[in-house]
Amino acid sequence: MDARTTDPGDAAARRGLLFVVVAIALLPVVVGLMAAMPHAARGAVFEVGLLCVAALAIWGGVLARQALQSGTRRALSAYVAAVLGLLVGITLVLVGISAAVALFA
């Protein structure tokens, strides 16, 4: 539970939005790491990084959805985190799957 709130729904909404924002901010870091790697390891670094960022975004969306179910006074941030987290996470999973198919084809 967050120290600034007493309601668990508010803390979950704040945590979910934080996870989604961090996941979106980590995308350029993954691309930078991929560019810094030798050519043979770029595919693996891209796949692992992309799927980790996707998991973080989806987890943020799930936390925000749980906050909406438990009742929160931060409904707008919970809705934004739920929609963005699931949208970004599912999109990155699909990009990761298509990149894996291209990598191993």
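Every read-out reported here was derived from the displayed coordinates using simple, explicitly stated rules and does not represent laboratory data. Please read all numbers here as calculations on a predicted model, not as lab measurements. Cβ sites come from the backbone with ideal geometry, for glycine too, and all protein chains shown count toward neighbours.
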- Task: Give the number of residues within the range 74-95 that are within 9 Å of the chain's Cα centre (by Cα) and outside any helix (DSSP H, G or I).
- Result: 0
- Task: For the range 34-54, enumerate the residues that are without any contact (Cβ under 8 Å) to a residue 40 or more places away in the chain and either buried (at least 16 other Cβ atoms within 10 Å of the Cβ) or outside any helix (DSSP H, G or I) (or both).
- Result: 34, 37, 38, 45, 49, 53
- Task: Please list, ordered by first then second residue, the pairs with beta carbon atoms under 8 Å, 6 or more apart or interchain, first in the range 56-71 and closer than 14 Å to residue 21 by Cα and touching a residue at least 24 places away in the same chain (Cβ under 8 Å), second in a helix (DSSP H, G or I) and of a type in the set (D, E, K, R).
- Result: 60/15; 63/15
